[in-house]
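What follows is a single structure, written as C-alpha cells, with notes after it.
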Amino acid sequence: MKQVEIKTTFTAFETVEELPLDVKSLMEKAVEVRKNAYAPYSKFRVGAALLLDNGKIVLGSNQENAAYPSGLCAERVAIFQSGAIYPEAKIIKMAISAASDNNQTKSPIPPCGGCRQSISEYEFKQNTPIEIYFMGETGEVYKSDSIKNLLPLSFDKNFL
Ligand code: THU
C-alpha cells in the first residue's frame, strides 16, 4: 500500500488590475456577458469568455430553466458554442466571472464539476492546455495553467 499525492498549483492575482492586459480585457468581456445570464431561479450570474487561437472571442452566460436540470452553465454554453462554430480552433484562455444578485461574491468562484469535465474534454481534444482565470464579482482572480489543476484524475477518452 502507498499514499498517492497529487499537487495542484494556482496563481492568485490580487485584483483584475494585476492581470496581463489581454487577460484583463477577456475578463471584462466575461463580466459584460454575465449581465445576459438568464438566472431567474438562482439569481446567480456567470459569464465566460474564451480566447481562441484564431483570435476569435466566444462568450457564454448561464441559461436556466423552470425544469432546473435543463439549464446550462456559462462555461459550457461558451465551450460548446466554440466547438459548434470553430471546430478546428484551439481554446487558449478562458475567463470566468460569477456574481449573485443577493450578495457580493468576493472570492474566486471556480467552475462546477460538470464544467470541469467538459473543459477537460476540449483540452484532450486539442492537446493544448487551456489557461483558466476565475473570479467572483470583485477581489482575487485565480489562474490555473490547465484544467488538470482543477480536475486531477480526470476520466478521458484514453479509458474507452
Ligand atoms: N453556474 C455556472 O454558470 N457555472 C458554474 O460553474 C457553476 C454554476 C450557474 C448554473 C446556475 O444557473 C447557477 O449558476 C447556480 O448554480
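The values are calculated or read from the model by the stated rules, or taken from the named source; none is laboratory data. The model shown is predicted, which means the values in this text are computed figures rather than measured ones. So basically every Cβ, Gly included, is an ideal-geometry build from the backbone, and we count neighbours across all protein chains shown. We work out accessible area using only protein heavy atoms, side chains counted, and drop any ligands, DNA or RNA first. Shrake-Rupley method; radii C 1.70, N 1.55, O 1.52, S 1.80 Å.
Here are the numbers for this structure:
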read-out: Residues K2 and I85, FRET efficiency given R0 of 45 Å [Cβ-Cβ distance, rounded to 0.05]; value: 0.45
read-out: Most fluctuating residue given options S70, S120, S100, as computed from a GNM of the chain linking Cα atoms under 10 Å; value: S70
read-out: Protein accessible area in the chain, 1.4 Å probe - carbon and sulfur %; value: 53
read-out: Length-normalised contact order for the stretch 77-160 - Cα pairs under 8 Å, 6+ apart - percent; value: 32
read-out: Cα-based Rg of the stretch 20-83 normalised by 2.2 N^0.38 Å, two decimals; value: 1.15
read-out: Largest to smallest principal axis extent of the C-alpha atoms in the chain, angstrom; value: 47, 37, 34
read-out: Per residue solvent-accessible surface (Å²) - the chain, probe of 1.4 Å; value: 56
read-out: Over the chain, relative contact order from alpha-carbon pairs under 8 Å, at least 6 apart, %; value: 24
read-out: Computed label-point distance, nm, for sites N102 and K56 using a 7 Å Cα→Cβ extension; value: 3.7
read-out: Contour excess over end-to-end distance, with Cα ends at N127 and D145 and 0.36 nm allotted per residue; value: 5.1 nm
read-out: R45 long-range amide H proximity, modeled H, under 5 Å; value: A99, S100, D101
read-out: Under 22 Å from K90, Cα to Cα: lysines that are on another chain or at least 8 residues apart; value: K24, K29, K56, K125, K143, K148, K157
read-out: Residue-count net charge about T105 - beta-carbon cut-off 12 Å; Lys, Arg +1, Asp, Glu -1; value: +1
read-out: Total charge dipole magnitude, the chain, about the Cα centre, Cβ charges on Lys, Arg, Asp, Glu only, Debye to nearest 20; value: 340
read-out: Candidates R116, R34, R45, ranked by Gaussian network fluctuation over the chain, Cα under 10 Å, top entry; value: R116
